[in-house]
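Visitor: Dropping the structure in here first, questions after.
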Amino acid sequence: MAVTGRAVFLAFVGVAVAFIAAPAGRWVPWVVLGLLLTVLLVDLALAANSRSVRLTHGGDTSVRLGEQAEVWLVVANPGRRPLRATVRDAWRPSAGAAPRTHDLVVPPRGQRLVRTALTPTRRGDQHNAHVTVRSYGPLRLAARQSSHTAPWTVRVLPPFRSRRHLPSKLSQLQALEGQHRTMVRGQGSEFDSLREYVPGDDVRSIDWRATARRETVVVRTWRPERDRRILLVLDTSRTSAGRVGDLPRLEHAMDAALLLTALAAKAGDRVDFLAYDRQVRARVRSEGRGSTLPAIVSAMAPLEPELVELDAAGMVSAILSGPRRGRQLVVLLTDLTPAVVETGLLPRLSTLTARHLVLVASVADPYVTRMAAERGNAQAVYRAAAAQRTLAERRRIAAELRRRGVEVVEAPAEELAPALADAYLALKAQGRL
Amino acid sequence: MTAPSTAFSPSLRDLWRRTRGPLAFVLAAVGIAALVAVSSPTRPVGHLDPEAVTGQGSRALAQILRKRGADVTVARSVDAAAAAAGPDTVLLVVRSHELRPDDVARLTDLPGDQLLVQPTPDLLEAAAPGVEVAASSLPAEPLEPDCSLQAAVMAGSAELGETLYTGGSLACYPGEEGHSLVQVEEAGRTITVLGSQQPLRNDSLALEGNAALLLNLLAGRDVVWLIPAPAAAQPTELHELIHPGFVLSLPVLVAAFALLAFWRGRRLGPLVAERLPVVVRASETTEGRARLYTSRRARDRAAAALRSGVVDRLRPVLGLGPDAAPDTVAAAVSARCASSPQQVHALLYGEPDGADPFLRSDADLVRLADELDRLEREVRQS
């Protein structure tokens, strides 16, 4: 049930009529009221039934954050009266749905399609909350209104802002694989094939045994290892909620993880994914060939920072729990704070480093670096000292990790993704995967 | 995903089922309230009213008089008082300021004794000639009778003295400028003037000899209690000033405003809630530590952090390892700048035993930061 501005206008006209017609007798206001009520009720009775309307959603099911998705809604009117309605396709505020309402007329036993554009401002699953139909009578004075559930979900994927770094990293990778240069020793450690010696080849790569069987000198060629396994571990505990710049650490870590996934997929490596705080939040295992990038992007979409402390022991056992496939590169995207690393991770690191190559990547906060350079008055110097203390702690933890054979990548938010890609390429070039 | 839609807004039947319970409760409550309101008589709350039970009323005195066999007639107009008063009755007049001038004249003609409680000057002059107001608006206080009036002597002290009078044939309860109770014999009637309302009030009837004084004064006779009703308001008919159209359009106006409220207030479907993310800066702990340093003036810790930061940064530049001794660092630094090893050592590691010149005041700490910056610049540029 609802009334429109027209009904209110009509009521105020009734006030004027009652005022002017007052000398006619005391019955005037009651007649005016009765007429008003009758008109409203008749209009309400003639409105199409809003409860029997059938609503069906359709359209996009996923969208990258920052882009626009289109969702349509089919409004079917099974009744015998035309449906004159305002329809609200209700989404959460962060879905950025526009327009908010649709005015439409659906003929009897007909259907109409309305389109809503979603411009989400947050990552994650956007569920349709409900659809409300307000069905007006022929005079548009009164309306019947009801809300319906018409489920539809649009998964908002991480934006992958670091994609712009991908071409340059891919060309580095190709250089590594020798597609731009001749395959020479030193650019990989995996034996590829034998071929005839040409002047300029490294004499150290001559395969003397093969040469002895032939007339010509034969060299071995090498190529970077392929089909290596990489496990991306995303720490979603409380430290990932801290904002660096405008975004939580988690978003920066996801960005870096996505660039690494894309790069590794091109390099022929397999990427697994694990998100962990006190329990497994998301897990993607690569099965067979083909890139896991779409699966990882989709798994990342609903992840949110959880306000709990990281359970490092649980994380290590989750990493080790998968099927035993031998050595892999474990990329741990976490924060270099004493609470996380010293008390949680370090005591259990040896079980991890014994079987895998571990790389810890962390977002550095440029704000702390700026604080460390503040000078001028006592308060600024105290701030600088506190920042220096934080930086020294992080340096100490990074040094401690390196001492135990862990690779450490620490870079400001914007540079973490390329820095992590560089670290991966360096490891690949050294044949350490 | 393309599941059929289902309506979840309540239908009329759902609404009725949901609201009938509360509705029945509200109706029952209203019914009970109405029943209680009808069955319980309303009591007047007036000042010195013989039917009022509030502290300022006088129901207690009237009840006691009735219990002692006296007939207490409450007269709310002079007409009623005249009808009830006889030669054997006592006319008790309270709130005489409500009397109109012609009422005052009629009162003086009524038969029987009279007890006037704080009468107006008009009534005083008409009913008890020769009695003058000596002082008024004083605080009520216990006074001693100090006279030969039997009723007063037996009652003892009473809370009187708000108004004092001079004159009269018999005067009791003297104050500084006059008496608080005076009696005049006038045409065979005894007119008693009481200078205080205090003894009559419910809340002070039990104090001192208040009750006894009044019971003695009124003893054994029927009482006509005259409490003049406030003069009726002038018949200014408000509705005569209003245009009849306004009155008649009022119901429609109310309905129009109700519709307006409903139009603006009716939401197009329920609100959609959203779980908002936590907003906390990653640098929060660092800033917290900075505030802690500032509030505690922790110069020693701040200086240590600044110094170790510089040493950490300079070590790779100087080609030294992380475990280089302070003297080695100082020597390596002084080789690349203009300062002596001792000065560099003092700057980078401080003086032992609290003799550090950079920790004396905040200004020194600022100086230390600048000196360290200068040193770092020199080493890097050398």
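Visitor: Residue check: is A:Asp365 at the interface with chain B (Cβ under 10 Å from one of its Cβ atoms) and closer than 14 Å to A:Val233 by Cα?
Guide: no
Visitor: Look at A:Ala354 and say whether it is free of Cβ contacts under 8 Å to residues at least 40 places away in the same chain, among the hydrophobic types (A, V, I, L, M, F, W, C) and exposed (fewer than 14 other Cβ atoms within 10 Å of the Cβ).
Guide: Working: free of Cβ contacts under 8 Å to residues at least 40 places away in the same chain: yes; among the hydrophobic types (A, V, I, L, M, F, W, C): yes; exposed (fewer than 14 other Cβ atoms within 10 Å of the Cβ): yes.
So A:Ala354 passes the test.
Visitor: Turning to a different aspect of this structure: If you go through segment A:1-19, how many residues are closer than 26 Å to B:His243 by Cβ and more than 7 Å from chain B (Cβ to nearest Cβ)?
Guide: Qualifying residue count, segment A:1-19: 5.
Visitor: Here is a further query. Kindly evaluate A:Ala413 against the criterion of being buried (at least 21 other Cβ atoms within 10 Å of the Cβ), within 14 Å of chain B (Cβ to nearest Cβ), among the aliphatic types (A, V, I, L, M) and in contact (Cβ under 8 Å) with a residue 24 or more places away in the chain.
Guide: yes
Yes or no, residue by residue, for (1) at positive phi; (2) away from chain A (no Cβ under 14 Å); (3) in contact with a Lys or Arg (Cβ under 7 Å, 6 or more places away or on another chain):
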position	(1), (2), (3)
B:Leu15	no, no, no
B:Ala29	no, yes, no
B:Val38	no, yes, no
B:Ala62	no, yes, no
B:Thr73	no, yes, no
B:Asp88	no, yes, yes
B:Val94	no, yes, no
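Visitor: Need pairs with beta-carbon distance below 8 Å; first residue facing chain B (nearest Cβ under 9 Å) and touching a residue at least 24 places away in the same chain (Cβ under 8 Å) and within segment A:24-36, second part of a helix (DSSP H, G or I) and surrounded by 11 or more Cβ atoms within 10 Å (Cβ to Cβ); sequence gap 6+ or separate chains.
Guide: As it stands, the answer is A:Leu36/A:Leu10; A:Leu36/A:Ala11; A:Leu36/A:Gly14; A:Leu36/B:Val252; A:Leu36/B:Ala255, since those pairs meet every condition given.
Visitor: Scan segment A:382-433 for residues that are under 23 Å from A:Leu349 (Cα atoms) and aromatic (Phe, Trp, Tyr) and jot them down.
Guide: Once the filter is applied, which keeps residues that are under 23 Å from A:Leu349 (Cα atoms) and aromatic (Phe, Trp, Tyr), segment A:382-433 yields only A:Tyr424.
Visitor: Another question about this same structure. Counting only residues that are in a loop (DSSP other than H, G, I, E, B) and either polar (S, T, N, Q) or within 14 Å of chain B (Cβ to nearest Cβ) (or both), how many does segment A:226-258 have?
Guide: Here the count works out to 4.
Visitor: Taking the condition of being surrounded by fewer than 18 Cβ atoms within 10 Å (Cβ to Cβ) and either under 42 Å from the mean Cα position of the chain (by Cα) or part of a helix (DSSP H, G or I) (or both), how many residues in segment B:83-102 meet it? Can you show your working first?
Guide: Let us first name the residues in segment B:83-102 that are surrounded by fewer than 18 Cβ atoms within 10 Å (Cβ to Cβ), namely B:83, B:86-88, B:97-98, B:100-102.
Checking the rest, the ones that are also either under 42 Å from the mean Cα position of the chain (by Cα) or part of a helix (DSSP H, G or I) (or both) come to B:83, B:97-98, B:100-102.
Number satisfying all stated conditions: 6.
Visitor: Next up: Which condition number in (1) small (Gly, Ala, Ser); (2) more than 14 Å from chain B (Cβ to nearest Cβ); (3) closer than 28 Å to A:Ser321 by Cα; (4) surrounded by 17 or more Cβ atoms within 10 Å (Cβ to Cβ) is the one that A:Ala429 fails?
Guide: (3)
Visitor: Let me ask something else. Any chance segment B:33-51 includes a residue that's part of a helix (DSSP H, G or I), modelled with pLDDT of 80 or more and either crowded, with 17+ Cβ neighbours inside 10 Å or not hydrophobic (A, V, I, L, M, F, W, C) (or both)?
Guide: Our first condition is that a residue be part of a helix (DSSP H, G or I); within segment B:33-51, this holds for B:33-39.
Of the ones still in play, those that are also modelled with pLDDT of 80 or more are B:33-39.
Filter again for either crowded, with 17+ Cβ neighbours inside 10 Å or not hydrophobic (A, V, I, L, M, F, W, C) (or both), leaving B:39.
Checked against the condition, which is being part of a helix (DSSP H, G or I), modelled with pLDDT of 80 or more and either crowded, with 17+ Cβ neighbours inside 10 Å or not hydrophobic (A, V, I, L, M, F, W, C) (or both), segment B:33-51 yields at least one hit.
Visitor: Then there is this: Give segment A:79-110 a look and list any residue that's surrounded by 15 or more Cβ atoms within 10 Å (Cβ to Cβ), assigned to a loop (DSSP other than H, G, I, E, B) and either under 25 Å from the mean Cα position of the chain (by Cα) or of a type outside the set (D, E, K, R) (or both), or say none.
Guide: A:Gly79, A:Pro82, A:Trp91, A:Arg92, A:Gly96
Visitor: A follow-up question, please. Is one or more of the residues making up segment A:144-153 among the hydrophobic types (A, V, I, L, M, F, W, C), part of a strand (DSSP E or B) and outside the structural domain of A:Ala264 (by TED's automatic domain parsing)?
Guide: The answer is no, given that none of the residues of segment A:144-153 is among the hydrophobic types (A, V, I, L, M, F, W, C), part of a strand (DSSP E or B) and outside the structural domain of A:Ala264 (by TED's automatic domain parsing).
Visitor: Checking B:Asp323 against (1) within 14 Å of chain A (Cβ to nearest Cβ); (2) closer than 25 Å to A:Asn377 by Cβ, which test does it fail?
Guide: (2)
Visitor: Within segment B:251-271, count every residue that is more than 7 Å from chain A (Cβ to nearest Cβ), of a type outside the set (Phe, Trp, Tyr) and not in a loop (DSSP other than H, G, I, E, B).
Guide: 5
Visitor: Here's a follow-up. Looking only at segment B:340-382, filter to residues that are of a type outside the set (D, E, K, R) and closer than 14 Å to A:Tyr382 by Cα; which one of those is surrounded by the most Cβ atoms within 10 Å (Cβ to Cβ)?
Guide: Applying the first criterion (of a type outside the set (D, E, K, R)) to segment B:340-382 yields B:340-350, B:352, B:354-355, B:357-359, B:361, B:363, B:365-366, B:368-369, B:372, B:375, B:379, B:381-382.
Still in the running and closer than 14 Å to A:Tyr382 by Cα: B:358-359, B:361, B:363, B:365-366, B:368-369.
Numbers: B:Phe358: 23, B:Leu359: 18, B:Ser361: 12, B:Ala363: 12, B:Leu365: 24, B:Val366: 20, B:Leu368: 23, B:Ala369: 26.
Per the stated criteria, the residue is B:Ala369.
Visitor: For segment A:361-402: of the residues being outside any helix (DSSP H, G or I) and in contact with a helix residue (DSSP H, G or I) (Cβ under 6 Å, 6 or more places away or on another chain), which is nearest to B:Asp370 (Cα to Cα)? Full working, then the answer.
Guide: The first filter runs over segment A:361-402 and keeps only residues outside any helix (DSSP H, G or I), leaving A:361-365, A:373-377.
Within this subset, residues satisfying the condition of being in contact with a helix residue (DSSP H, G or I) (Cβ under 6 Å, 6 or more places away or on another chain) are A:361, A:363, A:374-375.
On the way: A:Ala361: 33, A:Val363: 29, A:Glu374: 11, A:Arg375: 8 Å.
Within segment A:361-402, the match that is nearest to B:Asp370 (Cα to Cα) is A:Arg375.
Visitor: Considering each residue of segment B:293-327, count those that are farther than 21 Å from A:Val368 by Cα and touching a helix residue (DSSP H, G or I) at 6+ places or on another chain (Cβ under 9 Å), and give that number.
Guide: The qualifying residues number 10.
Visitor: Looking at this structure, is A:Tyr382 of a type in the set (Phe, Trp, Tyr) and surrounded by 20 or more Cβ atoms within 10 Å (Cβ to Cβ)?
Guide: Yes, satisfied.
The values are calculated or read from the model by the stated rules, or taken from the named source; none is laboratory data. Everything quoted here is computed from the prediction, not taken from an experiment. Note that we place each Cβ from the backbone using ideal geometry, even for glycine, and neighbour counts take in every protein chain shown.
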